[in-house]
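The values are calculated or read from the model by the stated rules, or taken from the named source; none is laboratory data. None of these values were measured; they are calculated from a predicted model. Here the Cβ positions follow ideal geometry from the backbone for every residue, glycine too, while neighbour counts run over all protein chains shown.
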Amino acid sequence: MIFTIFSFTGVAVLNVSYLSSTTSMETINNIKLQYATESSINEALWRINMDVDSLVNSDLDGIITVWDPALNILSVSVDKFQMEAEILLDLSEDTHFDRALASDEDITTNDYTVNADDENRSRFFTFMPEVDLAYFTDNAVATHTENWYQWNDLDEDDFGGEGIHIFTGWFIELKNCRFQNSTLVFTGRYINFEHQNEIDAPVPVDSADAMPALVFTDPDNYFEIEAEGKDYEREDKINGAIYTAGTIVLKKGELSGPIVGKTITMEPGEEYDNQIDFKDTEHPHHYRWHKGFKHKKDYDWPKQIGRWKTKKWQKKQVA
């Protein structure tokens with residue numbers, strides 16, 4: 001009886017040992033599979049972002065990667081270590097106009113808070129969108145050529161109606177002007193907004209590209225968003241994207257964003273504090289690709305992981 005008990009106990013111990021060993025091996029294989037999958041994804045993302053998309057597709061050592069540039073879907077299948085996995089990644093294109101602040105050179109907040117939604121948080125890019133000045137010129141409702149000139153207390157009808165307005169002059173000022181459904185393009189330098197200007201870019205229909213509110217094409221232009229005049233409660237209110245090839249300084253105002261610039265700086269206004277109020281969540285339709293900057297497909301955008309779907313992750317079935 002003692003021998004029988006020891007025998008049963010010994011078998012039980014051996015069985016537990018076997019199960020523990022098997023479980024441990026499966027855990028190790030599971031970790032190996034995870035590393036192999038993540039490494040394959042990282043390598044594929046590097047190839048995509050380095051503009052060698054054609055080299056992403058591969059079938060090597062039990063790992064298959066397939067990139068669909070039309071759908072922005074990366075598929076990674078791994079068959080290794082007695083395990084099988086299949087991952088689908090939605091790599092959405094992230095552009096300058098998807099961000100509250102976007103630059104390829106300098107964004108200086110001076111520790112002030114950019115109170116935009118986290119989804120629209122600031123980002124650096126390796127390039128800037130190119131202004132298609134011909135597009136704006138060909139579709140303009142009016143071209144204003146004045147130099148050393150001030151427009152005071154006017155609306156879009158005084159300028160020639162709603163639409164695209166081209167300003168080619170230097171040393172010009174807009175004071176208490178209002179524009180609805182309009183885009184203002186400045187090709188000169190020394191542009192100044194005084195008191196309170198209100199500019200509303202057109203609201204895009206459905207999934208159509210948006211139109212910017214302000215465009216500054218001169219790389220040496222310096223522009224400030226700041227309250228002016230005796231009553232410092234006056235501030236510019238701009239709903240729509242602002243693009244500058246030069247420098248923009250944000251001090252006080254109500255902006256929807258996005259702000260796309262070579263150099264973007266947040267500084268204190270007249271009240272010794274930065275008072276830029278981002279209204280991005282109230283105007284989400286401005287956070288999309290914009291007309292007047294060539295086609296979105298003309299650029300090689302950095303890819304990011306939007307959605308991750310695990311289609312398969314299991315121990316391989318032995319036939």
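Brief remarks follow.
- Any hit, segment 116-124, residues being at pLDDT 95 or above, assigned to a strand (DSSP E or B) and under 20 Å from Ile242 (Cα atoms): no
- For first residues located in segment 27-52 and closer than 27 Å to Asp300 by Cα and surrounded by 14 or more Cβ atoms within 10 Å (Cβ to Cβ), partners that are at pLDDT below 75 and basic (Lys, Arg) and lie 6+ apart or on another chain with Cβ distances below 9 Å form the pairs Leu45/Lys303; Ile48/Lys303; Asn49/Lys303.
- Among the residues of segment 246-258, those identified as closer than 13 Å to Thr108 by Cα and within 20 Å of the chain's Cα centre (by Cα) are Thr247, Ile248, Leu250.
- Residues in segment 259-303 that are aromatic (Phe, Trp, Tyr) and closer than 17 Å to Asp111 by Cβ were compared, and the one that is surrounded by the fewest Cβ atoms within 10 Å (Cβ to Cβ) is Tyr272.
- Among the criteria (1) over 27 Å from the mean Cα position of the chain (by Cα); (2) modelled with pLDDT under 95, the one Arg189 does not fulfil is (2).
- Taken over segment 118-156, residues that are without any contact (Cβ under 8 Å) to a residue 60 or more places away in the chain and hydrophobic (A, V, I, L, M, F, W, C) amount to 8.
- You will find that of Ile242, Ile225, Ile238, the residue that is at pLDDT 95 or above, assigned by TED's automatic domain parsing to the domain that holds Ile259, buried (at least 16 other Cβ atoms within 10 Å of the Cβ) and over 19 Å from Thr95 (Cα atoms) is Ile238 and no other.
- Residue within segment 153-162 that is in the same structural domain as Tyr222 (by TED's automatic domain parsing) and surrounded by 18 or more Cβ atoms within 10 Å (Cβ to Cβ) present: yes
- Test: residue in segment 181-190 that is among the β-branched types (Val, Ile, Thr) and more than 15 Å from Asn139 (Cα to Cα): yes
- Failed item in (1) crowded, with 17+ Cβ neighbours inside 10 Å; (2) out of contact with any helix residue (DSSP H, G or I) (no Cβ under 7 Å at 6 or more places or on another chain); (3) not polar (S, T, N, Q), with Asp209 passing the rest: (1)
Residues checked against (1) within 19 Å of Thr263 (Cβ to Cβ); (2) in a loop (DSSP other than H, G, I, E, B):
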residue	(1), (2)
Ile87	no, no
Val114	yes, yes
Thr143	no, no
Glu162	no, yes
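- Residue that is surrounded by the fewest Cβ atoms within 10 Å (Cβ to Cβ), among those in segment 59-117 that are charged (D, E, K, R) and free of Cβ contacts under 8 Å to residues at least 40 places away in the same chain: Asp111
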